[in-house]
1. Just for the chain, what percent of DSSP beta bridges are antiparallel, to the closest 5?
2. Place a point 7 Å from Cα of residue 212 in the direction of its Cβ. Which residues in the range 145-171 have their backbone N less than 17 Å from it?
3. With a ≥ b ≥ c taken as the square roots of the eigenvalues of the C-alpha gyration tensor of the chain, please select rounded if a/c is under 1.5 and otherwise prolate if a/b is larger than b/c or oblate if it is not?
4. Where a ≥ b ≥ c are the square roots of the eigenvalues of the C-alpha gyration tensor, would you call the range 1-138 rounded, which needs a/c under 1.5, or, failing that, prolate if a/b is larger than b/c, or oblate?
5. For the chain, set up a GNM with springs between Cα atoms under 10 Å and report which of 43, 316, 350 has the largest fluctuation.
6. Ranking request for peptides 244-250, 178-184, 414-420: highest mean number of other beta-carbon atoms within 10 Å first, then the rest in descending order.
7. As a check on your grasp of the helix formula, calculate [θ] at 222 nm for the chain: sum -39500 (n - 2.57) over DSSP H runs of n ≥ 4, divide by the residue count, round to the nearest 500.
8. Pairs of Cα atoms under 8 Å, at least six residues apart: use those to get the relative contact order of the chain, whole percent.
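The values are calculated or read from the model by the stated rules, or taken from the named source; none is laboratory data. Please read these numbers as outputs of a predicted model, since none were measured by experiment. Please note: Cβ atoms are built from the backbone with ideal geometry, for glycine as well, and neighbour counts cover all protein chains shown. Quick note on the areas: whole protein, heavy atoms, side chains included, nothing else; ligands and nucleic acids left out. Shrake-Rupley method; radii C 1.70, N 1.55, O 1.52, S 1.80 Å.
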Amino acid sequence: MTDRLVVIGGDAAGMSAAMQVRRRQPDREIVVLEKGQWTSYSACGIPYFVGGSVAEVDDLVARAPETFRDVHDIDVRLGHEARALDLDRRVVEAWDHEAGAKVEVGFDTLHIAVGARPLRPDLPGIDKPLVHGVQHPDDGLRLAGALESGARRVVVVGGGYIGLEMAEAFVQRACDVTLLEASDHLMPSLDGDVAAPLVDALRGLGVDVRVSTPLEAVEDGAVQAGGTSIPADLVVLGLGIVPNGDLARDAGIALGVKGAIRVNRRQQTSAEGVWAAGDCCESFHMVARAPVHIALGTVANKQGRVAGINMAGDYAAFPGVLGTAVTKVCSVEIGRTGLSGREAAAHGFAYVEAAVEGESRAGYLPERKKLTLKALAERGSGRLLGAQIVGLEGAAKRIDVLATAIQAGMAVDDVVELDLGYAPPFGPVWDPVHLVARRLLSELRQFT
């Protein structure tokens, strides 16, 4: 008896699952339906392609469709867009864009990895041709093509990770860039005091940064924002993403937070024999102990791996996420993990917080760089809840130490005693990680 696995979506969450099944079941039939023309691509690399650091869009592809077909015997069908699921008949209804025809693909087991789409606010002109998202290699090609055709005035909407990276990318292409952010500071997922250096960094590049300035409308050749008109040849959306849960919802599969597909710790959906992973589905936040939707390539790969192991008949579980993320804008590095103060309060935590200014190397080395590290801990237990960091070289990856501590359930006094590596070129004797933990410990003692 055969068990045909059909995977919808050919990027990280889909192909990592397919490969786990293939490794464990060399003879199983695996079909992948991918609406685009690429598999296993890095959407995170699109800003670097647009900015010119990556020469070809194909360089963003980890494994080409031909590799999956010829080497791994996975039937990858490009240009096949899944449009409906019939769970009773065990059929995916898809549109073959090349043939211009509807096709039906039967399955025994189904894995949904359809990702997410850029958030498009309901504003006048938002669907005009000059408005672009940043989610797929095709988006990168369209943006690069517009630049080659003479576009030079760019408005980036949203001051989160993708917005900051795209603003810098367009500066590298000699564009006039305006960055709009509706909140009162860039990187709204960070606290305002931690994010403050980003404005000066971008303005130092020549970016016109406008905070507390939401997009109001898009016109031909301009946008309206903050009551003023801003010339624009391109408008790039960096407002976040929306999980593609519609396909599952229409088939009767349960959705959860933000319309993402609800899954259990093994990546099973509410439908028998149907699994999901990646940006289209929920995750479990290991600190908040609640479902969340966090779209990160790291999460998509891990969830896809777990789903694949389970679909092959073995056992794996995805423990959850902390939302750990890093980026770099100009020379400024940014990182965060766990909960911010705002998030901790929303989840009912009583907490203390502390911030320290430290250095990336020993204080007597002239090449040392400043950094700011902020963290919070739960009152009573002393458990570390979250951290944020901003600084120059050597700042961002320090967040991994704190992410490890949070996932391990460490209390602040445990972090103070961490046996971290030391040498003058890598940090001071008391690393900023130690310093912020010591400061938190002092704050906690006020409540004992």
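1. Numbers: 57 of 88 bridges.
In the chain, approximately 65 percent of DSSP beta bridges are antiparallel ones.
2. Backbone N within reach: 159.
3. oblate
4. Note, shape of the range 1-138 comes out oblate.
5. Of 43, 316, 350, the most mobile in the Gaussian network model is 350.
6. Peptide ranking by packing, descending: 178-184, 244-250, 414-420.
7. Counting only the DSSP helices, I get -7000 deg cm²/dmol.
8. On the way: 1039 pairs, mean separation 59.0, N = 448.
Relative contact order for the chain comes out at 13 percent.
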